[in-house]
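Colleague: This is the structure, below, for whatever I ask next.
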Amino acid sequence: MALLDITALDAFYGDFQALFGLDLTVGRGETLAIIGANGAGKSTLLKTITGLIPARREAVRFDGEPIGGLPAADIMRRGIAMVPEGRKLFPSLTVEENLLVGGWGRKGSGRWSLAALYELFPILGARRNSPGTALSGGQQQMVAIGRALISNPSLLLCDEISLGLAPIVIRDVYACLPSIRAEGTAIVLVEQDIVQALAVADRVVCLQEGRATLEGRPAELSREAIQHAYFGD
Ligand code: ATP
């Protein structure tokens with residue numbers, strides 16, 4: 001049984017339909033990249049999974065249970081955490097406080113304690129008492145990832161973690177992914193940076209105007225097929 005099983009998912013903003021009958025699975029421990037141009041529906045997909053946009057209950061199953069349209073806090077408690085686009089740190093809180101916020105509402109312990117996060121991102125340990133907004137873009141992205149991890153999710157959703165960062169900084173941010181995968185955490189990586197996405201993903205799905213236009217393992221997909229799925233004719 002897949003960890004996340006999405007079936008015939010539609011999503012709307014008022015009358016505007018953003019996703020059309022999407023089918024998609026994520027296996028336990030799998031890293032799935034979702035690629036697609038601006039407006040393809042990538043963020044909408046993540047928002048329906050996390051309960052920020054309504055969905056039919058049966059359209060999203062997690063760990064065998066239907067969760068579509070449940071309140072976001074409920075979904076998080078079940079083990080799904082999101083790194084939102086644009087990081088969205090709390091400006092008045094320190095790095096450490098921003099990290100701790102992610103653990104609220106989740107009971108029990110797990111691999112990702114504060115100490116473990118500071119091992120994963122040593123720079124955050126060094127700057128634990130700085131306001132989150134005093135950090136560089138890459139460091140803020142690390143805080144956003146840590147804040148999601150501290151809830152010890154079995155599924156981590158990442159919305160464009162490379163956005164607005166220089167290539168060398170993207171490499172630093174992406175460097176945390178192998179350690180997260182090694183814990184058996186499944187990852188959904190939404191990316192416009194196709195090269196990054198293909199380098200780390202077990203499988204890739206391309207969205208175009210709310211529909212999946214391509215699915216496969218990176219090694220099986222030709223450049224032409226990806227270009228066609230990404231941009232259309
Ligand atoms: P981006 O990389 O720009 O974030 P995306 O693939 O994540 O693109 P979405 O943000 O999911 O795309 O948007 C999908 C479609 O839904 C787009 O046509 C977008 O204009 C529309 N949309 C997104 N948010 C809203 C909203 N709050 N109200 C109305 N339409 C929206």
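Colleague: For Gln141, all conditions in the list (1) under 19 Å from Val173 (Cα atoms); (2) surrounded by fewer than 24 Cβ atoms within 10 Å (Cβ to Cβ) hold save one; what is the number of the exception?
Modeller: Here Gln141 clears every test but (2).
Colleague: So Ala126 ticks every box in (1) farther than 22 Å from Leu189 by Cα; (2) in contact with a helix residue (DSSP H, G or I) (Cβ under 8 Å, 6 or more places away or on another chain) but one. Which box is left unticked?
Modeller: So the condition that Ala126 fails would be (2).
Colleague: Glu85 fails exactly one of the following numbered conditions: (1) surrounded by 16 or more Cβ atoms within 10 Å (Cβ to Cβ); (2) assigned to a loop (DSSP other than H, G, I, E, B); (3) more than 16 Å from the ligand (Cβ to nearest atom). What is the number of that condition?
Modeller: Looking at each condition in turn, Glu85 falls short on (3).
Colleague: Does Gly14 fit the bill of being over 27 Å from Val200 (Cα atoms), over 17 Å from the mean Cα position of the chain (by Cα) and either of a type in the set (S, T, N, Q) or within 16 Å of the ligand (Cβ to nearest atom) (or both)?
Modeller: Spelling it out, Gly14 is indeed over 27 Å from Val200 (Cα atoms), over 17 Å from the mean Cα position of the chain (by Cα) and either of a type in the set (S, T, N, Q) or within 16 Å of the ligand (Cβ to nearest atom) (or both).
Colleague: Name the single residue, out of those in the range 69-82 being more than 17 Å from Val188 (Cα to Cα) and either at pLDDT 95 or above or outside any helix (DSSP H, G or I) (or both), that is nearest to the ligand (Cβ to nearest atom).
Modeller: So the residue we want is Gly69.
Colleague: Can I ask one more? Scanning for something at positive phi and part of a loop (DSSP other than H, G, I, E, B), does the range 98-106 turn up at least one residue?
Modeller: Yes: the range 98-106 contains one or more residues that are at positive phi and part of a loop (DSSP other than H, G, I, E, B).
The values are calculated or read from the model by the stated rules, or taken from the named source; none is laboratory data. This is a predicted model, so every value here is computed, not measured. As a convention, Cβ positions derive from the backbone with ideal geometry for all residues, glycine included, and neighbour counts pool all protein chains shown.
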